[in-house]
Amino acid sequence: MNGSFVTPKGTELFDLINPTNNELIGQVTLGNEEDTQLAIAAAREAFKTFSLSTKEERGNYLQKLHDAVLKRTDDLISVTQLEYGAPVSRARSSVESAANSFLEMKQVMDQFQFEKTVGHSRVRLEPLGVVGIITPWNANVSFICGKLATALAAGCTAVIKPSEMSALQTQVLLECFHEAGLPSGVFNIVNGRGDVVGAELTRHKDISKISFTGSTIVGKTIARGAVDTLKRVTLELGGKSPNIILDDADFARAIPLAVNAAFINSGQACIAGTRLLVPEDRLEEVKTLLKAEVGQVRTGIPQDMETVIGPMVSKKQYDRVQSYIRLGIEEGATLLIGGEGQPEGLEAGNFVRPTVFVNVNNSMRIAREEIFGPVLCVITYRTEEEAIEIANDTDYGLQAYVSSSDNERAHRVAAQIIAGRVLINCLNHDPFAPFGGFKQSGLGRELGIYGLEEYVEPKTLIL
């Protein structure tokens, strides 16, 4: 806080548990309202000068942050595996993405016009102020880096509340940030609970914006609380992403892609393609392909290079996924592969058997609610129009997927899906394109120029 490591005023201890074996690996002292207020005050003071910094100065800071994070790649991978259970490939890509986000936003900032002529006036795009950044446990390092990079590029200062479940990852990351040597108070991190630290950020008059990634329920709470001080908000929330495989697709390629989309980050991802829509007359073929593909998916300890699915982050999350698997059976869906319980030999941890349900209809709770685990629901359709209708029949609209051998047809279908992103015949990512949701998947956009615009306010100078 304010450029130094400090002892929190709060006294509550939170246990950190290794999800691979449910053993205690540490404790973190949680900050309280006073800690949050001190961090806000430090950020507010730093904003007075940092908001006047040049692009070149901010670009140098972003470069230093990139270099510092990249230097600790191995440490960050190790602690992410230990604390979160991310498979090694996922952990590595997440850390590399986190480091790269600083350079990507530097590139966006360098090309961004902070002042322009509109009509016969000058319009200045000025930094909003102090930003409250609230991040989840399922990609702690990359979310912190991505949001902070954008705030700094705009000239804002920040108070960051990461998930208390990610305190070890946050500690290593904070050491990186400290080494980068930014001015005191430009960034501040307070470990703590959402209903304490997050709530104070949401209601405090000196916080100008909240950038939150997490559940839709919490996002709504933040949006309601932000109204009292008319804070700007960016909310990246839940999803129940549809994956439409059209009848002309190469199913031998589309099914493996669908499995990867569903089980990304061990299924603990808001963008996971957990509703697989397939032609009714191809269901038996799909079942055969899915059974073979999922049967090869390796569930295991994060350090094993062959592991695709690691443990759920906590016993609570494991129990949640198990309850949905039971619910699917109760609702009348057919279990194709997987089911309740842990894979053999992994009983000590929060491991879930990768599970696929067929004969699912879109009114079932397993098809409508975000499970956040490796559970895939297969839904059949008769026509292209029905596929689009089913895809859009959801409260969410974060991401979607389309597979087709006809590029023009795929784009036509993608254009009709209500989602912030639609991936066509791929699982690619574009860090310069906007990311965010329609409907109850959120408000606003992150990444690239669209993300940077969320951190500035236009001021008109009429000449």
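No value in this document is a laboratory result; all are computed from the given coordinates. From a predicted model like this one, the values you see are computed outputs, not experimental measurements. For neighbour counting, all protein chains shown are included, and Cβ atoms are generated from backbone atoms with ideal geometry for every residue, glycine included.
If you work out Kirkwood radius over Cα pairs in Å from the coordinates, which of (i) 26.8; (ii) 25.0; (iii) 22.9 do you get? Answer label, from the structure shown: (iii).
Cross-link partners of K116 among lysines, defined as those whose alpha carbon lies under 16 angstrom from its own and excluding same-chain residues fewer than eight positions apart: K55, K459. By how many degrees, 0 to 90 and rounded to 10, does the Cα axis of helix 140-154 deviate from the longest principal axis of the chain? Helix 140-154 sits roughly 40 degrees off the main axis of the chain.
Distance between the C-alpha centres of region 82-155 and region 254-318: 29 Å, rounded to the whole angstrom. Region 433-454 to region 355-430: how many Å between their Cα centroids? Centre-to-centre distance over Cα atoms comes out at 20 Å. Computed from Cα positions, the angle between helix 216-226 and the longest principal axis of the chain comes to roughly 20 degrees.
Under the criterion of Cα pairs below 8 Å and six or more residues apart, the relative contact order for the chain equals 19 percent. Determine the distance separating the Cα centre of region 156-172 from the Cα centre of region 173-187; give it in Å without decimals. The two parts, judged by their Cα centres, are 12 Å apart. Here is how the number arises for the chain: DSSP H runs of 4 or more residues each give -39500 (n - 2.57), the sum is divided by the residue count, and the result at 222 nm is -12500 deg cm²/dmol.
Relative to the longest principal Cα axis of the chain, at what angle does helix 283-295 sit, 0 to 90 degrees, rounded to 10? For helix 283-295, the angle is close to 60 degrees. Relative protection proxy for 276-284, 292-300, from highest mean packing down: 276-284, 292-300 (other beta-carbon atoms within 10 angstrom). Once the mean of 1/r is taken over each pair of separate Cα atoms and inverted, region 242-424 shows a Kirkwood hydrodynamic radius of 16.4 Å.
Packing order of peptides 153-162, 109-118, highest average first: 153-162, 109-118 (average count of other Cβ atoms within 10 Å over each peptide's residues).
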